[in-house]
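Read the figures in this text as sums done on the coordinates, not as results from a lab. Treat the numbers as computed from the prediction; the structure is a model and nothing was measured. Cβ placement follows ideal geometry from the backbone for every residue including glycine, while neighbour counts extend to all protein chains displayed.
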Amino acid sequence: MAKAQEKNTERKRKKQKRVIVFSTPTCPHCNRAKHYLRSRGVRFRDVDVSRDRAAARDMVRRSGQQGVPVLDIGGKIVVGFDRAKIDQLLGL
């Protein structure tokens, strides 16, 4: 039975949408968003826009916003820590 559960978990991981979190280290909403994703077992790439100007420009191009956090979930943009929208886009 444990092997069947492992296979189901493995399938879910493969189907997970690509998640990018544009953030800064001092942003409390960014840290809450990342903590939430980790608590739900969601893998994501964390991009620190305070250290990477090209990434900051990319974030603004994608979202039209300069504030963080900005999450890119499978090509859909979430500005701020909007738990309901994150859950909807990830199917949680």
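Computed quantities for the displayed model
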item	result
Segment residue 35-residue 60, extension gain: residue separation times 0.36 nm, minus the distance between their alpha carbons	6.7 nm
Prolate/oblate/rounded call for segment 52-92, Cα gyration tensor, a/c under 1.5 rounded	prolate
Normalised contact order of segment 17-90, rounded percent, pairs of Cα under 8 Å and 6 or more residues apart	38 percent
Rounded, prolate or oblate (a/c below 1.5 giving rounded, otherwise prolate when a/b exceeds b/c) for segment 17-90 by Cα gyration tensor	prolate
Net charge, residue 18 excluded, C-beta distance under 10 Å - Lys, Arg +1, Asp, Glu -1	+2
Counted charge near residue 60, where neighbours are those whose Cβ lies closer than 14 Å (Asp, Glu -1; Lys, Arg +1)	+1
Least to most buried among 77, 20 (fewest other Cβ within 10 Å first)	77, 20
